[in-house]
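Report on the structure given below.
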Amino acid sequence: MNCENHNPYQALTRIFHEPNRLAIMSALAAASEELRFTELKDQCDLTDGNLSRHLKTLEESEMIQIRKCFIDQKPRTTITITNSGRSSFLDYLGNLEEVLNKAANALAADKQKSATALNMQSV
């Protein structure tokens, strides 16, 4: 990530940089196994339709795999993160961390400057 042309802002992959998809990928990355549609829906606090739309986008980008089957004549949809999805999401998180650290450091420096200026005025 420290190469000369690395721009962490451009590296914030749009596929993950949507709050609901970020939540979905985070839940899947933290899961020890596949998650059922209903589990993922509850964890991310999404409606069926909203979750389905985001899952379709992630599946088309090959970040997740969706499996549909029947258990006791009831449909069951399970979702897993793919190996490439895990790798891409990890890269995204690293770039996001870098961007957030830059912002936090800039704000802290600005706060320090403001505090120093206030101290100078009160002297």
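A short reminder: the numbers here are calculations on the coordinates, not readings from a lab. For clarity, every value in this text was computed on a predicted model and none was experimentally measured. Counting neighbours? That spans all protein chains shown, and the Cβs are built from the backbone with ideal geometry, glycine included.
Out of these labelled values of volume of the Cα convex hull per residue in Å³, [x] 89; [y] 163; [z] 151, which was calculated from the coordinates shown here?
Correct label, based on the coordinates given: [z].
Provide the per-residue ³J(HN,Hα) series for the stretch 55-70, in order, calculated from phi with Karplus coefficients 6.51, -1.76, 1.60 and θ = phi - 60°, each as a whole number of Hz, with x at glycine and proline positions.
5, 4, 4, 5, 5, 4, 8, 6, 8, 9, 10, 10, 10, 10, 8, 10
Listing Phe37, Phe70, Phe16 from the residue with the fewest other Cβ atoms within 10 Å to the one with the most, what is the order?
Phe70, Phe37, Phe16
Find which of Ala103, Pro75, Gly85 sits farthest along the positive direction of the dipole of the stretch 58-104, computed with +1 on the beta-carbon of Lys and Arg, -1 on that of Asp and Glu, about the Cα centre.
Pro75
Assuming R0 = 25 Å, what is the FRET efficiency of Glu33 and Asp91, from their Cβ-Cβ distance, to the nearest 0.05?
On the way: r = 23 Å, r/R0 = 0.93.
After rounding to 0.05, the efficiency reads 0.60.
In what sequence do Cys69, Cys44 fall when counting other Cβ within 10 Å, fewest first?
Values: Cys69 9, Cys44 21.
The order, fewest Cβ neighbours first, is Cys69, Cys44.
For the stretch 19-122, what is the charge dipole size about the Cα centre, in debye to the nearest 20, if Lys and Arg each add +1 at the Cβ and Asp and Glu each add -1 at the Cβ?
140 debye
If neighbour count is taken as other Cβ atoms inside 10 Å, put Arg86, Arg14, Arg76 in order from fewest to most. If you can, show how the numbers build up before the last one.
On the way: Arg86 16, Arg14 9, Arg76 13.
The fewest-first ordering by Cβ neighbours comes to Arg14, Arg76, Arg86.
With unit charges on the beta carbon (Lys/Arg positive, Asp/Glu negative), name the residue among Thr38, Ile66, Ser26 whose Cα is farthest towards the positive pole of the charge dipole of the chain.
Thr38
Of the chain, which part is the longest with no GluC sites (Glu not before Pro) in a loop (DSSP not H, G, I, E, B) and with at most 14 other C-beta atoms within 10 angstrom? All intermediate terms of the calculation are to be shown ahead of the outcome.
Values: sites that count: Glu4, Glu33, Glu62.
Counting only loop sites that pass the neighbour cut-off, the longest clear stretch is 63-123.
Along Cα→Cβ, 7 Å out, is where each label goes; now give me the distance between the ones at His6 and Lys68 in nm to one decimal.
Calculated label separation equals 4.1 nm.
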